[in-house]
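**Q** What follows is a single structure, and I will ask about it in a moment.
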């Protein structure tokens, strides 16, 4: 499958590759108190504030991350991927694409290479994430969810033979999954499949470019 076209668009909206942690602020997002307790709703599933909070590193982000300007709070990063997880799961289900736990786990390395642009694979990738996530104010336990999102998206791309990001967006739209995000976090950008908070969503990991990637 040709991945270069989709990578160009993906690079504008998602985390960058996995060796140098980009900065994340640790301040909480202030905002409207309506819909207290619900961070977002995806289809019929509610993502609660507690779902987000369970992945926050109580020690906060490392000081280099705290010092960086114009970054998103860890809780916004967490919610971004929790929403994507629900969105891709429901889109796969809509198109009758089902995979066993083993089949999904088999996407671990190709998903990372295609969507993250990293040469790290297997345990090496897992260890890198376990190190970088806490530095960004996010618990290492979030690694499983983060990678699951990549695997779900990659499976959707692979099974539907997608080559452009616009094709992925169109596929998600066909599934007609509603996404509503609490104003405390910003708004959901359906055209780019990302959370638009009050500050830009940065990467929380960085990696070496994939071999042959552009």
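The values are calculated or read from the model by the stated rules, or taken from the named source; none is laboratory data. All values reported here derive from a predicted model rather than from experimental measurement. All Cβ positions, even for glycine, are placed from backbone atoms using ideal geometry, and neighbour counts span all protein chains on display.
**Q** If only one of 76, 34 is modelled with pLDDT under 95, in contact with a strand residue (DSSP E or B) (Cβ under 7 Å, 6 or more places away or on another chain) and under 21 Å from residue 178 (Cα atoms), which one is it?
**A** Going through 76, 34 in turn, the sole match is 76.
**Q** On the given criteria, is residue 205 within 18 Å of the chain's Cα centre (by Cα), surrounded by 20 or more Cβ atoms within 10 Å (Cβ to Cβ), in a loop (DSSP other than H, G, I, E, B) and modelled with pLDDT of 95 or more?
**A** No.
**Q** If you check 144, 124, which single one turns out to be under 16 Å from the mean Cα position of the chain (by Cα), surrounded by fewer than 14 Cβ atoms within 10 Å (Cβ to Cβ), free of Cβ contacts under 8 Å to residues at least 40 places away in the same chain and in a helix (DSSP H, G or I)?
**A** Among 144, 124, only 144 is under 16 Å from the mean Cα position of the chain (by Cα), surrounded by fewer than 14 Cβ atoms within 10 Å (Cβ to Cβ), free of Cβ contacts under 8 Å to residues at least 40 places away in the same chain and in a helix (DSSP H, G or I).
**Q** Just one of the numbered conditions (1) crowded, with 16+ Cβ neighbours inside 10 Å; (2) at pLDDT 95 or above; (3) more than 15 Å from the chain's Cα centre (by Cα) is not true of residue 95; which one?
**A** If we test residue 95 against (1) crowded, with 16+ Cβ neighbours inside 10 Å; (2) at pLDDT 95 or above; (3) more than 15 Å from the chain's Cα centre (by Cα), just (1) comes out false.
**Q** Give me the residue from segment 50-65 that is buried (at least 18 other Cβ atoms within 10 Å of the Cβ) and in a helix (DSSP H, G or I) and, out of that set, modelled with the highest pLDDT.
**A** Checking each candidate, the answer is 52.
**Q** Another question, if that's okay. Under 6 Å by Cβ, and 6 or more places apart or on different chains, what pairs join a residue from segment 169-181 that is within 17 Å of residue 97 (Cα to Cα) with one that is in a helix (DSSP H, G or I) and modelled with pLDDT of 95 or more?
**A** Final answer for the pair search is 172/91; 175/90; 175/91; 175/94; 177/87; 177/90.
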